[in-house]
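Since the structure comes first, as structure tokens, the remarks are kept for the end.
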Amino acid sequence: MSLPHRAWYISKSGWPHAAIALTAVLWAAASRLSQPGAQSHSRTLLMVWKYELPIQATRIAPIALLAVAHAYRDAAILAYGLTLGLARHAGSPARRRSSLHQVNFVYTAVFCLHLAARYLPCLRRDTHCHHSPVVTVATVFLALHVVLIAVTPHRLSGSSSPEEECSLLGSCTYAWLDPVIWKGVTKRLDMSGMPALPWYNDPKLLFRRLQSARRVSRNTFRAILRFQGRHIMLMAAWSMAAQCFDNVAPFSMFKLLEYLADPDAAVYKPGVWLALVFLGPVARSLCHQQYIFNSTRLVVRVKSAMTQELYSVALSSMQADTSTGRLLTLMAADIDGFLRARSSVMALAGISTGTLISFVGMYRMFGWPSLVGMAILLLAIPVSVWLGRHIFKRQRLARKAQDSRISLIAEYLSSIRVVKYFAWEEYINAQVGARRADEQKDLWRVAVLQALANQITQIFPFLALLIMFGLHVGLQNKPLTASIAFTTLYLVRNLRRNILQASQVARNVAGALVSLERLDEYFDTAVLKPRLPQGPLRMQNATVRRHELDPGLKDVSIDFVEGGLNVVSGNSGSGKTTLLLAILGEIQLMQGSITAPEDIAYAPQTSWLQNLSIKANIVFGVEFDQPWYNRIVDACRLRMDLAGLPEGENTLVGENGASLSGGQKARVALARALYSRAPLLLLDDIFSALDAKTAAVLHYMRYFGHPLFTVVCLACLAGCGLLTFVSAYWLSIWVEAYRHQGHVNAAYYLGIYAALTVSEIALFASLIILFEWGGWRAARMLHGEFIGAVTRVSLSWYRTIPVGRVTNRFAGDMASIDNSLSSVLRLSLESLSQLFFRLAAVSSIMPIFMLPALCTSLCGIVVAEMYTRTAVIVKRLTSSSQSPVFSQFADTLAGMSVIRARAGMARSFQEALAQKMSIYSRAFETSLDCNRWVAVRVDFITSLVVLLAGIIAISKAGVIGAGLVGFSLSNANDLSTTILVLVRSLNDLEVEMQSFHRVREYVKLVPEEQDDKPYPEEGLYSDGPCVPRDWPSSGEVEFRNVTVRYCEDGPDILKDVNLKFRPGERVAIVGRTGSGKSTILYDGLDITKVPRQRLRRALTVIPQEAVLFTGTVGSNMDPSGQTSADALQRVLDYCHSVASFDDAEAESAIQLDTAVQAGGENFSHGQRQVLSLCRAILRHNRLMLFDEATANMDYVTDEGIQQILRAELGKESERTLVTVAHRLRTVIDYDQVVVMGAGRVVEVGSPRELFAAKGPFHEMIQHSGERHMLEEFLRKQQGQDGVGQEEAFSFGCDSITDSPTLSFPTLP
């Protein structure tokens, strides 16, 4: 009995009716018993009568008509459905949607059963069907009802997304994206045009659900299964359905070719197979796109939830466990790497199902030879597993190398000012280049292994095909018919695709295992920040330390004065900051107890500000109180600063507070702490920084190397397409030989076919290696140019560009160029080549096919172009909406202790991240959904192409041989996949090229020296002035009518300055913070005529905030590695007499090989500044610029550093020291003091002269808080003109600090 007859018999038996009725009743009962809370998040379905009335009419009419036609079983079940539909209007609004689904199920199932019972027998050639008009009209009404429920949109209560309100047909075709696509085509698409998120994708909801899953299972993989297990099962169901429909096309082609070979023997009408040739791919496309749609929803949900979880763990963990580079890599690479393994669902459910069906089909055609082919195909599995293990190991190494590179780049870029001050760009680029080289070694090995895995898994299907053909015609002595040959070729290509996908899944799983291992390691090793008991601030026998090697604080007991001022003093490195961090719970409490209030306002020694306005930084999420705000601004002496800024209190502070001076940043941080009204203020030397008063593809392929290399790549590409075409054509010649020859030499035809196949595989392998090599070279060159460009650009560029954005391009965009761009480029060119050959194949056999093929191809191109224009915009919006997430991560890690000190502030930051994730998820979802929009439409168009080819083939039956028709239909069937792959790959190429363009955008940054017109170096041919070889020979500095700005359109920072500093002088620059004193960087020669690198190497700048980089003490003193170890050790010994260097315990003394953590976190602020002084001493330059460099030190350490500087200047009379001073006692013995105000020089002279003049300097001394000490020193200095200056200063300092005079050894 044939399949249609079986279906007809079952439909008449009555069992399907009983099954439909039972299912409907059980569904209704389960819906009644379900808890109301299960639908608490979903919105109520509203009644829209303009849709409801036509639907009710199409429900009532078939009941009456079927009853008249005596189809009582159908009518009875439909009557139950109608009753259920009417009853839902009187029921609970929350259950309307469930009731509607039940009604639609009943009517759709009866409609399908009705068609099977009455119309399936009509498909046979020998059957003529006649139905009564009543039954026909009932069928029309049922069909109309199905159409109406498919096109009727859902109207929901409250605000909802278009995805939720879309009709069933709209959901299948992704019609809710039509407005987005149209806006993208007309270039009017922006973030406001992105569809709203459905309620079930809200980031906060997703995070809560992941937390619930995490409480049950700590393992990340198991937690994800609990979090999205139901969704993963839905993905598996859609994938299985897609693979089942995928085999409809080859089965239909087999039957169609049988009909063309012998029309008289056919049982069914050829229109049946033509319909299946069209409907099979369409159904497969709808199911497959639903699988991908649900797969991308999984990506959005897991990415959103896990990003928030990483952030939450970072907020609640000890600072030592949360490095910026590690977290950014986990967020940018590891979450994505884990999610790429979602294709394993398709491999386990879909690919296995499709492969099994294909095996069954081949067995029915070949018999036992197919078992041999299956055995060969199964051999690919262990090979893939073996290669997957090796890929796994290499990917883990590559990921670690990427971590190291990104962390180093983030560290350098965050301190780019220091890098430029010391002219270290070349050395920094070399350091990053070395890390990049290590990373690329592992990336190349991964690429080679992946190419090897790709080709080995391709060999097995072709080998199986050749052996099955050989056994079929050789041992079984059967002819190779067109239906068998081309259907087998189709199935083997499907199997080849499945094996390739399985191989790719294996590689993705290998990468996912690395990512899961890293994620689990982070979650498992994160040490949660302990919650100290609440109470008055008290430490009782407390022993704390940052890490195991840190001596920390031992057995500390302090009862702090509640409601009063408590001062903690001591040398730099003595543990003052450690004490405050212990109170905050930021370091480990080994024993004893600490109690503190819940809400603490903490102002760290290095000011931390967000990249927001000054006002937003001060308010810091607290309710705004204008009178209190005004009092705080006045108390912190910010009113004058705000008046001098272009936007006042709304001025953006920039990345790391780049638009403010050091003192301004400190005052804003202090204002934030005071505004909070927290019961406890912790100020870590906050006052020390205050002054006395306060063409894209071709361009990419150019990076591949020599133009000849590109030509070879393109030639291999064309050769692969030609060999694919010729091998299929040769198969048709072999098939046709059985029609024209009495005896066919099977070995001859099989041998040539094997040779063509092997040549194709070998050439394709070469093509992959060539493109991977070219992409590897391009990525290496781009990265080198990229890091060079961002270190050569002017510092003013960093005032407007967040470092997080640059780091994102080094992480995400370079990862795209490393891993995807070359393969996407190859796939695009390969698909374009295949499209040309397939159109040529079909048109050469059936020329009339050219017209419909061109029309449908034109439609496909239009749809693809609409999609591409939109996708590029959406991708850009996605990238721009992700940057704030990166920036918040980096911002939060920098100010973690400040955030966590405030009660409830961590939760506020978590909610802020959720809002940013919501914006990002909107754009990310739209980007993924646009792929589904174009895929469904292109699949439909290309299915029409296959249908037209089949119609033409049937019309030419008997005129064109079955072998040639099979050749044409095979290419026509593959045309659908080729066009879709071409559209997708071209879009992917354009999207991936955005990464290339974003990197190239920074590569093309204008170097800061581009517009310079320096003098040539001495010795070079020039008629004009030049820079002498021995410049600078002295430290003389002269200003002549100098007016400078930070940028062209900014305010004047220095105005009409005229100054002269003589060689050997020590000059102090004093004045209010932000008045322009930090802009002085002049040397005796007109510095605009000196090459920048030469100028910076001739200067020594000690910045306000000392910066250390990951490495050792020795590498931080001299990153160039050009200084001998002995010289480094002498300088280090020289500085050991300062502060903690001298007081350190022997086992923890600072040595050249002492490790330095990122940012120098394992050193105190004073120790970092002393090491910065060591750098300066090593340079031996004539001019030293001291930019408030002791701002973060105690007085004793400050005094020690000043003594070293005096000793250094005493050795060479030509060396000049210019100090931007924040403490008058530091510079009271200087030769000259320059008082600045509003960017102008107010007065100049020696400290004694200016004090006697009763001008601004005198006023500053009066308000310094040290008036008596400073006046006493000046009087003693005046009376001791015969006493050496250093002796006089030592005497004065003794009286000021009440500490013994420090003595310093002379540097050898």
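The values are calculated or read from the model by the stated rules, or taken from the named source; none is laboratory data. As the structure is a computational prediction, the values presented were derived from the model and not from experiment. Neighbour counts run over all protein chains shown; Cβ positions are idealised from the backbone, glycine included. With ligands, DNA and RNA removed, areas are computed over all heavy atoms of the protein, side chains included. Shrake-Rupley method; radii C 1.70, N 1.55, O 1.52, S 1.80 Å.
Structure data summary
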item: Equivalent-ellipsoid semi-axes of the chain, from the Cα gyration tensor, Å, largest first; result: 74, 37, 26
item: By average C-beta atoms within 10 angstrom, highest first, the peptides 659-666, 235-242; result: 659-666, 235-242
item: Counted charge near PRO479, where neighbours are those whose Cβ lies closer than 15 Å (Asp, Glu -1; Lys, Arg +1); result: -1
item: Extreme residue, positive dipole direction of the chain, given options LEU452, PRO597, ALA962 (C-beta unit charges); result: ALA962
item: Label point distance in nm, ASP262-THR1112, each placed 7 Å from Cα along Cα→Cβ; result: 8.5 nm
item: Residues in the stretch 1245-1268 reached by a label modelled at VAL567 [backbone nitrogen below 13 Å; 7 Å Cα→Cβ]; result: 1265-1266
item: Sequence of CYS855, CYS122, CYS713 from largest to smallest accessible area, 1.4 Å probe; result: CYS855, CYS122, CYS713
item: In range of the label at GLN1157: residues from the stretch 865-900 whose backbone nitrogen is under 16 Å from the point 7 Å along Cα→Cβ; result: 893-898
item: Solvent-accessible surface ranking, highest first, for HIS231, HIS1180 at 1.4 angstrom; result: HIS1180, HIS231
item: Alpha-carbon radius of gyration plus Dmax, which is the widest Cα pair, for the stretch 605-652 in Å; result: 10.8, 28
item: Probe 1.4 Å - accessible area at TYR602, Å² to nearest ten; result: 10 Å²
item: Kirkwood Rh (inverse of mean 1/r, distinct Cα pairs), the stretch 432-582, angstrom; result: 23.2 Å
item: Lys/Arg +1, Asp/Glu -1 at C-beta; the stretch 501-619 dipole; positive extreme among GLY535, ALA502, PHE523; result: ALA502
item: Derived scalar couplings ³J(HN,Hα) [the stretch 530-536; Karplus, 6.51 cos²θ - 1.76 cosθ + 1.60; whole Hz; x for Gly, Pro]; result: x, 8, 5, x, 7, x, x
item: Integer Hz, Karplus 6.51/-1.76/1.60 couplings in order for the stretch 715-730, x for Gly and Pro; result: 5, 4, 4, 5, x, 4, x, 5, 5, 4, 5, 5, 5, 5, 5, 5
item: Cα-based shape type of the stretch 1087-1139, given that a ≥ b ≥ c are square roots of the gyration tensor eigenvalues and the cut on a/c is 1.5; result: prolate
item: Kirkwood hydrodynamic radius of the stretch 415-519, Cα pairs, Å; result: 18.4 Å
item: Nonlocal amide H pairs with ILE600, under 5 Å, H built at 1.01 Å; result: ARG902, ALA903
item: In Å², nearest 10: area of MET640 left accessible to a 1.4 Å probe; result: 130 Å²
item: Viscosity 0.692 mPa s, 37 °C: Kirkwood-radius Stokes-Einstein D of the stretch 890-966 over Cα pairs, µm²/s; result: 183 µm²/s
item: Largest-first ordering by accessible area, 1.4 Å probe, given options TRP368, TRP776, TRP15; result: TRP15, TRP368, TRP776
item: Residue-level accessible surface for TYR174, protein heavy atoms, 1.4 Å, Å²; result: 0 Å²
item: Probe 1.4 Å, accessible area per residue of the chain, Å²; result: 42 Å²
item: Counting all C-alpha pairs of the stretch 249-404, share separated by more than 24 Å (%); result: 61 percent
item: Two-decimal log10 I(q)/I(0) for the stretch 721-795, as the Debye equation yields it once each C-alpha is a single scatterer, q = 0.16 Å⁻¹; result: -0.72
item: For ILE558, residues with placed amide H under 5 Å, excluding near neighbours; result: MET539, GLN540, ASN541
item: Of all DSSP beta bridges in the chain, antiparallel share, percent nearest 5; result: 50 percent
item: Derived scalar couplings ³J(HN,Hα) [the stretch 851-857; Karplus, 6.51 cos²θ - 1.76 cosθ + 1.60; whole Hz; x for Gly, Pro]; result: 5, x, 5, 5, 5, 5, 5
item: Peptide ranges 1098-1105, 1030-1037, 1009-1016, 414-421 listed from the most packed, as the mean C-beta count within 10 angstrom indicates; result: 1098-1105, 414-421, 1030-1037, 1009-1016
item: Gyration tensor verdict on the stretch 329-391 (Cα atoms; rounded if a/c is under 1.5, prolate if a/b is larger than b/c, oblate otherwise); result: oblate
item: Cα-centred dipole magnitude for the chain, charges only on beta-carbon of K, R (+1) and D, E (-1), debye, nearest 20; result: 6220 debye
item: Amide hydrogen neighbours beyond the local backbone of VAL1242, cut-off 5 Å, H modeled; result: VAL1235, MET1236, GLY1237
item: Equivalent ellipsoid dimensions for the stretch 385-427 as semi-axes, Å, which come from the Cα gyration tensor, largest first; result: 36, 8, 4
